[in-house]
1. Can you pull out every residue in the range 301-318 that is within 26 Å of ARG136 (Cα to Cα) and not β-branched (Val, Ile, Thr)?
2. Name the residues in the range 145-174 that are under 17 Å from GLU115 (Cβ atoms) and crowded, with 23+ Cβ neighbours inside 10 Å, would you?
3. Report the residue count in the range 121-146 for those that are of a type outside the set (D, E, K, R), under 23 Å from LEU192 (Cα atoms) and at pLDDT below 95.
4. Looking at the range 135-203, what helices (runs of 4 or more DSSP H) fall wholly within it and have at least 1 residues that are of a type outside the set (A, V, I, L, M) and not assigned by TED's automatic domain parsing to the domain that holds PHE122?
5. Identify, from the list ILE88, ILE10, the residue that is in a helix (DSSP H, G or I), surrounded by 20 or more Cβ atoms within 10 Å (Cβ to Cβ) and either under 17 Å from the mean Cα position of the chain (by Cα) or modelled with pLDDT under 95 (or both).
6. Give LEU29, LEU4, LEU52, LEU67 a once-over and let me know the one that is among the hydrophobic types (A, V, I, L, M, F, W, C), at pLDDT 90 or above and within 20 Å of the chain's Cα centre (by Cα).
7. Would you pick out the residues in the range 100-130 that are touching a residue at least 40 places away in the same chain (Cβ under 8 Å) and small (Gly, Ala, Ser)?
8. Report the residue count in the range 35-71 for those that are assigned to a strand (DSSP E or B), without any contact (Cβ under 8 Å) to a residue 60 or more places away in the chain and of a type in the set (A, V, I, L, M).
Amino acid sequence: MKILVLGSRIPWPLHDGGAIATYQVLKGLSNQGAEVVYFSFNTRKHFVSKELIEKHFPFCRVIDFPLDANPNAFGAFKALLQGENYNISRFHNDAAKVSLKELLLREKFDVVHLEGLYVSPFIDVVKIAGLPVSLRQHNAEFQIWERLSKNSRNPLKKIYFRLLASQLKRHETEVLNRVDAIVPITHADLQLFSLMAPGKSMYLLPVGQDEKTVSRTEFSEKAFFHLGSMEWIPNVEAVKWLVDEVWPLVRAKMPDAALHLAGKGLHKNDTRFTASGITVHGEIDDAADYMQNHGVMLVPVFAAGGIRVKILEAFNAGVPVISTGVGIQGIPAKHQSELLVADSSQDFAAAMLELQSNNELRERCISNAHELVKKHFQTHTLISGLVTFYEDTVIKK
């Protein structure tokens, strides 16, 4: 089987869930024996050099197309006046469509796999070529902006986020009904997409983990951490809530508690998150080492979509986790079984104090979480099922 994968960015380095999810599909399909060609924008913001592409993607052929998709006020205002969604219109590029059309004329593919909604402008080109199209949708994009609008305290932001959500929902519904198959990441998204696009063939493909034996360092007492990209608005809002509303409650009960913050787009001198007991590490090179040495992972998001890959990584590595209900979306974990779940500032602070002090509860959660990953999120099994789905259901015989 020869598969053309279309992407909006080169998924390197593997510092965020979107990059990890796409990289895993490319490598996993190749490991299953498929010939994989990855046609992708190489955006200015996440630019990856030819040398790094050759080094880290030896298992597939990468065709990258330069693009400056950085958001700006003028572009956003223009899209607003034209009734377009700026998140999508930033990835409209006629020259890339011509390049893709030429590729499809030169080579024969069995199926075209789209990694996310941002490359939906390519559907017209693929449809003209007569190829089956599958959309791997990382989340219900419009829901993220609906939640941001609901949670925002700024009236102008609330209105703008609501408008973006409405535009995205229309576009997302149209795209879901134009493709031949949909590959959601969570059960909740699968159910939602089934309502938005009735009758479409679907295959559930969460982000997987490679099985490993837990070998933890000594637990860091009175330490907590957050790890996430500060280039993503829901993470920024989440950490602001954590620092402003939760952290003072924790410090009142545990004065020597320490909170560590790290992630892409975060700077060590970031004044947004300065408070007593907080250390801002900025962008880090070794996420696994950071997770192992800073106590309890905190996932305080309220506007997320898809699945939190960092939670699965923590589960797989034996790191204890506290999350909001939205944060564990797509993961069949339960409160006080695999992790602690809290949605108010008081409950979140109480969970932080409890998981630090209750060794029995913490070890039970760690053990159960590791078993959950082994049962539901093994990479090889998930990608093997995707190949079978394409062979038996999607590819036109």
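1. Within the range 301-318, PHE302, ALA303, ALA304, GLY305, GLY306, ARG308, LYS310, LEU312, GLU313, ALA314, PHE315, ASN316 meet the criteria.
2. If the condition is that a residue be under 17 Å from GLU115 (Cβ atoms) and crowded, with 23+ Cβ neighbours inside 10 Å, then GLU172 is the only one that fits.
3. Here is the first cut: in the range 121-146, the ones of a type outside the set (D, E, K, R) are 121-123, 125-126, 128-135, 137-140, 142-145.
Remaining after also requiring under 23 Å from LEU192 (Cα atoms): 121, 123, 132-135, 137-140, 142-145.
With at pLDDT below 95 added as a condition, the list becomes 121, 137-140, 142-145.
Of the residues in that region, 9 qualify.
4. Values: elements: 141-151, 155-178, 187-196.
Of the helices (runs of 4 or more DSSP H) lying wholly inside the range 135-203, those with at least 1 residues that are of a type outside the set (A, V, I, L, M) and not assigned by TED's automatic domain parsing to the domain that holds PHE122 span 141-151, 155-178.
5. On the way: ILE10 fails: in a helix (DSSP H, G or I).
Going through ILE88, ILE10 in turn, just one is in a helix (DSSP H, G or I), surrounded by 20 or more Cβ atoms within 10 Å (Cβ to Cβ) and either under 17 Å from the mean Cα position of the chain (by Cα) or modelled with pLDDT under 95 (or both): ILE88.
6. On the way: LEU4 fails: within 20 Å of the chain's Cα centre (by Cα); LEU52 fails: within 20 Å of the chain's Cα centre (by Cα); LEU67 fails: within 20 Å of the chain's Cα centre (by Cα).
So the residue among LEU29, LEU4, LEU52, LEU67 that is among the hydrophobic types (A, V, I, L, M, F, W, C), at pLDDT 90 or above and within 20 Å of the chain's Cα centre (by Cα) is LEU29.
7. Residues satisfying the conditions are GLY116, SER120.
8. 4
The values are calculated or read from the model by the stated rules, or taken from the named source; none is laboratory data. For clarity, every value in this text was computed on a predicted model and none was experimentally measured. Positions of Cβ are backbone-derived with ideal geometry, glycine not excepted, and every protein chain shown enters the neighbour counts.
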